[in-house]
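The numbers here are math on the coordinates, done by the rules we state, and not lab data. Given the structure is predicted, the values throughout are model-derived calculations rather than measurements. Cβ placement follows ideal geometry from the backbone for every residue including glycine, while neighbour counts extend to all protein chains displayed.
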Amino acid sequence: MITTISQSLMKAYQKYLIKAECGLRLKALYIDNTHHSMPSDAMQLGKWFEYCATGSTGRDGAPEPERTAKGQLTADYARAEMQANYFKVFCKGLGIEILHTNKHVQLGHLTGTLDIVAKWNDRIVTIDLKYSGLMDNKWDEMGWEIETLADKEHHMVQARHYTAISGTPFYFWVWHPKQEMVNKLIEVKIDPDSIEKHKEQAQNMINALNMDIALGLKARPELMRCAKCELFETCDKKALLPEVETVYHSI
């Protein structure tokens with residue numbers, strides 16, 4: 001039985017409820033902790049940027065950058081290192097003093113790990129670093145276009161969760177992986193009612209998830225999803241063939 005929930009587990013369970021996530025993967029990664037998620041190339045690059053920017057190694061230790069045959073950093077990794085240097089310069093210019101990195105925090109049934117806890121303008125603040133090429137994308141759920149950002153639940157779940165557990169102002173600091181110096185420092189102000197609703201939603205999710213665990217989380221095999229799954233080698237429910245999909249049409 002689970003008693004606490006992270007924003008990552010909340011997102012994964014929401015995906016499970018709409019059949020976009022497999023219950024076996026959810027259980028292994030977020031409940032039993034027998035597996036860790038496999039980072040994509042973009043995620044690995046983001047980890048390198050964060051390591052260069054703050055020195056944070058995360059739970060897996062210091063990331064290993066990609067190098068050329070001559071031992072030099074590849075162009076993408078060299079650019080990430082350069083962006084990290086700009087981050088340090090901007091922190092100094094803005095007067096942001098980093099106090100903690102990768103800090104685990106729990107408040108009641110909410111838990112999470114904060115990228116950066118900093119002192120800024122005589123306030124303690126929380127900053128979450130992002131490394132994304134979707135800087136001005138308004139259509140993608142992972143995009144960072146300002147006018148539509150408040151409607152993107154993927155980002156707002158994290159903002160509400162971290163504001164709740166930290167009790168401090170919350171910022172996303174988004175850096176572009178291809179354009180030098182391009183970044184957005186975004187404060188997300190969450191109203192108190194939304195924080196309370198988030199806490200209630202999280203408790204409801206814990207209750208529902210515990211019931212689903214007791215009944216048995218369902219496998220959702222799908223060829224391409226299974227091929228990228230951390231459980232692929234040992235899972236006896238994996239899909240090895242495509243399923244026929246049906247479209248009904250009449251005139």
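For the reader, a short list of remarks on this structure follows.
- Given R0 = 22 Å, the distance between the Cβ atoms of Glu230 and Met1 translates into a calculated FRET efficiency of 0.40.
- Loop-located trypsin sites (Lys or Arg not before Pro) in the range 29-71 whose Cβ has at most 16 other Cβ within 10 Å (DSSP): Arg59, Lys70
- Restricting the range 106-160 to GluC sites (Glu not before Pro) in coil, as DSSP defines it, with at most 13 other Cβ within 10 Å: Glu141
- The Rg/Rh ratio of the range 22-180, with Rg taken over Cα atoms and Rh as the Kirkwood radius over Cα pairs, comes to 0.97.
- Percentage relative contact order, the range 40-189, counting C-alpha pairs under 8 Å, at least six apart: 18 percent
- With R₀ fixed at 25 Å, the C-beta to C-beta distance from Lys19 to Glu145 puts the FRET efficiency at about 0.35.
- Computed E for Ser194/Lys119 - FRET, C-beta separation, R0 30 angstrom, nearest 0.05: 0.70
- Take every Cα pair under 8 Å whose residues are at least 6 apart in sequence, average their separation, divide by the length of the chain, and the relative contact order is 19 percent.
- Taking every DSSP beta bridge that has both ends in the chain, the antiparallel portion is near 75%.
- Over all other residues within a Cβ to Cβ distance under 14 Å of Met224, the charged ones net out to +1, with Lys and Arg as +1 and Asp and Glu as -1.
- Seen from Asp76, the other residues with C-beta closer than 12 Å to its C-beta sum to a net charge of 0, counting Lys and Arg as +1 and Asp and Glu as -1.
- Estimated distance in nm for a label pair at Glu97 and Glu243, the labels positioned 7 Å out from Cα along Cα-to-Cβ: 5.6 nm
- Local net charge near Glu97, Cβ-Cβ under 14 Å (Lys/Arg +1, Asp/Glu -1): +3
- For chymotrypsin sites (Phe, Trp or Tyr not before Pro), the sites in the range 63-168 that DSSP calls loop and that have at most 16 other Cβ atoms within 10 Å are Trp139.
- For the listed residue pairs Lys119/Lys197; Lys15/Lys199; Lys103/Lys178; Lys70/Lys228; Lys130/Lys218; Lys15/Lys197, the alpha carbons are over 24 angstrom apart in Lys119/Lys197; Lys103/Lys178; Lys70/Lys228; Lys130/Lys218.
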